[in-house]
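K.L.:
One structure follows; several queries about it will come next.
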Amino acid sequence: MSRRIVGPFNRVEGDLEVQLDIQGDQVAEAWVVSPMYRGFEQMLQGKQPVDAMSYVPRICGICSVAQSVAAARALADAQGVLMPANGENAVNLILANENLADHLTHFYMFFMPDFARDIYKAEAWYTPVAERFTAMKGTAAKQMLPARAQFMHLMGIMAGKWPHTLAIQPGGTTRTIKAEEKIRIMTCLYQFRTFLETTLFGDSLENIAALSSAEELDGWMQSDQHRSSDFGLFLNISEALSLHTLGRASDHFMSYGVYPSNGESLFSRGVWENGELQRLNLNAIREDVSHSWMLKYGDAKHPFDGITQPDPEMKDGYSWCKAPRLENKVVEVGALARQQVNGHPLIRSLVAASGGNVQNRVVARLLELALVTMAMERWIKAIRPNEAFCHLQSMPDEAEGVGLMEAARGSLGHWLKIKQGKIYNYQIIAPTTWNFAPRDAQEQPGALEQALIGAPVRKGESTPVAVQHIVRSFDPCMVCTVH
Amino acid sequence: MPHQQTKTTLLWLQSGGCGGCTLSMLCAESPDMISSFEAAGIDLLWHPSLSEATGESVLDILQSILNDELRLDILCLEGSVLRGPNNTGKFHMLAGTNQPMMNWVDKLSAKAAYVVAVGTCAAYGGITAGGGNPSDACGLQYEGDRGGGLLGESFRSGEQMPVINIAGCPTHPKWVTETLAQISLGDFNEEHIDALGRPRSYADQLVHHGCPRNEYYEFKASAEKPGDLGCMMENMGCVGTQAHADCNTRLWNGEGSCLRGGYPCVNCTAPNFEEPGHPFTETPKIAGIPIGLPTDMPKAWFVALASLSKAATPNRLRKNAISDHVKIVPTIHHKRKS
């Protein structure tokens, strides 16, 4: 047995190290190391609550709006303010813009380039995939980047800029949308739909959204037009490499729910465990620091009472990441978890067949590109230019609030306590904190640590390609993870 | 430095930041980011978000540079240098190396013809140095507005240049792609940077230039709450009249800027912007009068003009300034044919 250290692990957001014990031709055990600490939770203590809106988006350049939305919700919860309908729809549009751009970036820039590696040269599918997805050289990124940039003109209109907008407020948005701007955004969405339908799917968004089982997906692949789309290329590779057998964690999924509009969420809140949907008990969340480089104060704490005190000498520590647990158990978050909890029939069918794995995580992400683009078309139609976009409310001197939402890569929560008009405590659990957590007091490995067990290692591989597929299938964001 | 015939080599590292300057750069348009690099003859040796190489093959690239087997023309750092705790650099150990990132950056900087700080974090410390600066973050050649940082005030790169500070939180895609292209063409020297090391191409301008709220500014018709249409200088913390950048003439994501998005400029291209000493979205005042003057404006004149223009504010602007929708439109003047 040999401990192998893999890093720097790129095409994830931020820095990542993975340590592997390899036995024979597979991974026997894994340790996931988040190697960087900045200390936003410490920075925020003693600040005016409203200043969170300027600091918190800067935790992350790829989930910046998600951080902003979570902070706005935590402040809104503390104030007791509700958004007007326009505010809600505007925030949904801005957030969806980021989340979908992230899904696209992940697929085209972070995930697919691994299949263009030399190690796959002998595979029957290799040549067209390498032409399309080789990092920096393939034809796909050159098509995707302009489409993505054009799609993000929505940000220019509705949020001023991306990342790091201050347009999102607890009570709505700072930017009223005029009638002609509404048309501009609708046109922008039309162009994005065209890109998805011609390049990514080779089919209409409606047909993708309507796929309802693993068998239907197999049937869909029988068409030449579908098979030669980028989604088709992926499914073809996935079948050839059996990506549905790679990277299974605990199949225990969580989603906070996201995109509220008119009293309903586009994607619902819940937990999927032991093959059934359950209510999410927020009081059962704890952050364990047994294997983190953090000072320990008694037992694992609920984030309202969380403490963040870094200590690199902590014995048994091997990561800056804390280990969040739900009822002492490891959960997986992300697009797959979100669609499993929300009950999309294709995802339920795929998970029933093979659980949470590399293939199904990618399929869920691409499915969301179809589902959420269609929802964006509805939200922009619902914007009423002559009505209010923001409600205002003063902040009490003593309050607490929680802001829960779903970023592209999963469940993001902010827990805030205000005393004497200042931030007393601010605790953040990011999606990749859940997925890439270290072990806990019970020595339970985190979700990725579990998912890596059994990953095949080919002869002579220093950085096993299967490990790379598994890690990237989670679409990790390391700068959020530790923050 | 060699160019034209051979490509310009570029290594991009990330440390104490959010990756947002790279993500912003992905929004480059006409041309897109990859075409921008190609057109400038830039060969990306490695970038953490964009390159194929992972793990050992990355370490091989870094080692080849240190061994002088691979020429390094441009080193870009995105994110602050993390020195803590207690100067150990352990707040960021480069994965796979068991070495503090600050040591890698230090050693690689000595090999680079040009060293570029991408974003305010890498330039001056930035948001990562906010609050009590828990990670002991600093910039490559600055700590806030003081020279020093990781490399020290006297540092000069292979081409005898100080660190080029493309400050901004985040950077505009074109601030980065165009500066890198200028460097690659051998068309960038000390005359092209300002007193804080920022490319003058964007830092010689003020965010105020091209602000669509100019009429409100002229008449001191001020916004009072988020979403109001008026000038945000008096109450909302906006420092666009003092901030060095071209955000309102070179727009973001098509047609945006902070001010166009309805929120104040927080001077994110400046050292120490992360700790303004007051809430970001409130203007500090003494006896009701805002502290902070428009750049190059004599105080007495500003006060005199402000009170004069306040007295002369048209009703239209007074009403619209404190509304989120235009209440009164400009009057149409009918011109009679004679």
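K.L.:
Can you name the residue in the range B:216-261 that is basic (Lys, Arg) and within 11 Å of chain A (Cβ to nearest Cβ) and is also surrounded by the fewest Cβ atoms within 10 Å (Cβ to Cβ) among such residues?
P.N.:
Restricting to residues being basic (Lys, Arg) and within 11 Å of chain A (Cβ to nearest Cβ), the top hit is B:LYS225.
K.L.:
Can you go through A:ALA240, A:ALA209, A:ALA179, A:ALA159 and tell me which one is among the aliphatic types (A, V, I, L, M), in contact with a Gly (Cβ under 8 Å, 6 or more places away or on another chain) and either closer than 26 Å to A:THR134 by Cα or at pLDDT 95 or above (or both)?
P.N.:
When all the criteria are applied, what remains is A:ALA159.
K.L.:
Kindly indicate whether A:GLU264 is free of Cβ contacts under 8 Å to residues at least 12 places away in the same chain and either over 20 Å from A:GLU449 (Cα atoms) or touching a Lys or Arg at 6+ places or on another chain (Cβ under 8 Å) (or both).
P.N.:
Spelling it out, A:GLU264 is indeed free of Cβ contacts under 8 Å to residues at least 12 places away in the same chain and either over 20 Å from A:GLU449 (Cα atoms) or touching a Lys or Arg at 6+ places or on another chain (Cβ under 8 Å) (or both).
K.L.:
Can you give me the number of residues within the range A:138-171 that are among the hydroxyl-bearing types (Ser, Thr, Tyr), in a loop (DSSP other than H, G, I, E, B) and surrounded by fewer than 24 Cβ atoms within 10 Å (Cβ to Cβ)?
P.N.:
Number satisfying all stated conditions: 0.
K.L.:
Criterion first (in contact with a Leu (Cβ under 9 Å, 6 or more places away or on another chain) and modelled with pLDDT of 95 or more) does A:ALA430 satisfy it?
P.N.:
Taking the combined requirement at face value, the residue satisfies it.
Residues checked against (1) in a strand (DSSP E or B); (2) of a type outside the set (Gly, Ala, Ser); (3) touching a Ser or Thr at 6+ places or on another chain (Cβ under 9 Å):
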{"site": "A:LEU366", "(1), (2), (3)": "no, yes, no"}
{"site": "A:LEU369", "(1), (2), (3)": "no, yes, no"}
{"site": "A:THR433", "(1), (2), (3)": "no, yes, yes"}
{"site": "A:ALA466", "(1), (2), (3)": "no, no, no"}
{"site": "A:ARG472", "(1), (2), (3)": "no, yes, no"}
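K.L.:
Against the conditions (1) at the interface with another protein chain (Cβ under 7 Å from one of its Cβ atoms); (2) under 30 Å from B:ASN133 (Cβ atoms); (3) not in a loop (DSSP other than H, G, I, E, B), where does B:TRP12 fall short? Just the number, please.
P.N.:
(1)
K.L.:
Now for a different question. Please count how many residues of the range B:73-90 are free of Cβ contacts under 8 Å to residues at least 40 places away in the same chain and more than 8 Å from chain A (Cβ to nearest Cβ).
P.N.:
Going through the range B:73-90 one residue at a time, the tally reaches 2.
Per-residue answers, yes or no, for (1) in contact (Cβ under 8 Å) with a residue 12 or more places away in the chain; (2) more than 7 Å from chain B (Cβ to nearest Cβ); (3) among the small types (Gly, Ala, Ser):
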{"residue": "A:ASN10", "(1), (2), (3)": "no, no, no"}
{"residue": "A:GLU13", "(1), (2), (3)": "yes, no, no"}
{"residue": "A:LEU20", "(1), (2), (3)": "yes, yes, no"}
{"residue": "A:GLU41", "(1), (2), (3)": "yes, yes, no"}
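K.L.:
What do you reckon, is A:ALA122 of a type in the set (A, V, I, L, M), within 14 Å of chain B (Cβ to nearest Cβ) and either in a loop (DSSP other than H, G, I, E, B) or farther than 30 Å from A:TRP379 by Cα (or both)?
P.N.:
no
K.L.:
Hey, another quick one. With the condition kept exactly as written, say whether any residue in the range A:172-180 is crowded, with 21+ Cβ neighbours inside 10 Å, farther than 27 Å from B:ALA321 by Cβ and within 11 Å of another protein chain (Cβ to nearest Cβ).
P.N.:
No, there is no match, as no residue in the range A:172-180 is crowded, with 21+ Cβ neighbours inside 10 Å, farther than 27 Å from B:ALA321 by Cβ and within 11 Å of another protein chain (Cβ to nearest Cβ).
K.L.:
Also, I was wondering about something else. Residues that are over 20 Å from the mean Cα position of the chain (by Cα) and within 14 Å of another protein chain (Cβ to nearest Cβ): list the helices (runs of 4 or more DSSP H) wholly contained in the range B:91-189 that include at least 1 such residues.
P.N.:
Passing ranges, in order: B:101-109.
K.L.:
Applying the selection to the range A:193-222, what residues are of a type in the set (A, V, I, L, M, F, W, C) and either touching a strand residue (DSSP E or B) at 6+ places or on another chain (Cβ under 8 Å) or assigned to a loop (DSSP other than H, G, I, E, B) (or both)?
P.N.:
Initially, the range A:193-222 is screened for residues of a type in the set (A, V, I, L, M, F, W, C), giving A:195-196, A:200-201, A:205, A:208-211, A:214, A:217, A:220-221.
Residues satisfying the conditions are A:LEU211, A:MET221.
K.L.:
Is it true that A:ARG365 is buried (at least 16 other Cβ atoms within 10 Å of the Cβ) and of a type in the set (Lys, Arg)?
P.N.:
So A:ARG365 passes the test.
K.L.:
Inside the range B:298-338, can you point out the residues that are within 14 Å of chain A (Cβ to nearest Cβ) and either touching a Cys at 6+ places or on another chain (Cβ under 6 Å) or not in a helix (DSSP H, G or I) (or both)?
P.N.:
B:ILE322, B:SER323, B:ASP324, B:HIS325, B:VAL326, B:LYS327, B:VAL329
K.L.:
Could you tell me whether B:CYS211 is touching a residue at least 40 places away in the same chain (Cβ under 8 Å) and assigned by TED's automatic domain parsing to the domain that holds B:CYS231?
P.N.:
Details: touching a residue at least 40 places away in the same chain (Cβ under 8 Å): yes; assigned by TED's automatic domain parsing to the domain that holds B:CYS231: yes.
Spelling it out, B:CYS211 is indeed touching a residue at least 40 places away in the same chain (Cβ under 8 Å) and assigned by TED's automatic domain parsing to the domain that holds B:CYS231.
K.L.:
Does the range A:446-468 contain at least one residue that is within 12 Å of chain B (Cβ to nearest Cβ), surrounded by fewer than 23 Cβ atoms within 10 Å (Cβ to Cβ) and in contact with a strand residue (DSSP E or B) (Cβ under 6 Å, 6 or more places away or on another chain)?
P.N.:
yes
K.L.:
Given the conditions (1) within 14 Å of another protein chain (Cβ to nearest Cβ); (2) touching a residue at least 12 places away in the same chain (Cβ under 8 Å); (3) surrounded by fewer than 24 Cβ atoms within 10 Å (Cβ to Cβ), and given that A:TRP320 satisfies all but one, which numbered condition is not satisfied?
P.N.:
(3)
K.L.:
Would you point out the residue of the range B:54-72, among those that are in a loop (DSSP other than H, G, I, E, B) and at pLDDT 95 or above, that is nearest to the other protein chains (Cβ to nearest Cβ)?
P.N.:
Going through the qualifying residues, I end up with B:LEU70.
K.L.:
Return yes when A:ALA116 is within 11 Å of another protein chain (Cβ to nearest Cβ), without any contact (Cβ under 8 Å) to a residue 60 or more places away in the chain, crowded, with 23+ Cβ neighbours inside 10 Å and not β-branched (Val, Ile, Thr) and no when it is not.
P.N.:
So A:ALA116 does not fit the description; no.
K.L.:
Out of all the residues in the range A:379-400, is one or more within 24 Å of A:GLY172 (Cα to Cα), under 22 Å from the mean Cα position of the chain (by Cα) and not in a loop (DSSP other than H, G, I, E, B)?
P.N.:
yes
K.L.:
Out of the residues in the range A:386-424 that are polar (S, T, N, Q) and within 14 Å of another protein chain (Cβ to nearest Cβ), which is surrounded by the fewest Cβ atoms within 10 Å (Cβ to Cβ)?
P.N.:
Among residues in the range A:386-424 that are polar (S, T, N, Q) and within 14 Å of another protein chain (Cβ to nearest Cβ), the one surrounded by the fewest Cβ atoms within 10 Å (Cβ to Cβ) is A:SER394.
K.L.:
Hey, another quick one. Of a type in the set (A, V, I, L, M, F, W, C), in contact with an Asp or Glu (Cβ under 8 Å, 6 or more places away or on another chain) and without any contact (Cβ under 8 Å) to a residue 40 or more places away in the chain: is that true of A:ALA140 in this structure?
P.N.:
no
K.L.:
Mind telling me which of the residues A:ALA66, A:ALA30, A:ALA70, A:ALA76 ends up being touching a residue at least 24 places away in the same chain (Cβ under 8 Å), under 30 Å from A:LEU392 (Cα atoms) and touching an Asp or Glu at 6+ places or on another chain (Cβ under 8 Å)?
P.N.:
None of the other options fit; the residue is A:ALA66.
K.L.:
Within the range A:153-161, is even one residue over 23 Å from the mean Cα position of the chain (by Cα) and more than 7 Å from chain B (Cβ to nearest Cβ)?
P.N.:
Looking for residues that are over 23 Å from the mean Cα position of the chain (by Cα) and more than 7 Å from chain B (Cβ to nearest Cβ), one finds none in the range A:153-161, hence no.
K.L.:
Right, here's the next one. I'm trying to understand the selection: among the residues of the range A:51-65, which are more than 7 Å from chain B (Cβ to nearest Cβ) and under 15 Å from A:ILE429 (Cα atoms)?
P.N.:
Within the range A:51-65, A:VAL56, A:PRO57, A:CYS63 meet the criteria.
The values are calculated or read from the model by the stated rules, or taken from the named source; none is laboratory data. Only a predicted model underlies this, so the values are computations on that prediction, with no experimental measurement involved. Quick reminder, even Gly has a Cβ in these numbers, built from the backbone with ideal geometry, and neighbours come from all protein chains shown.
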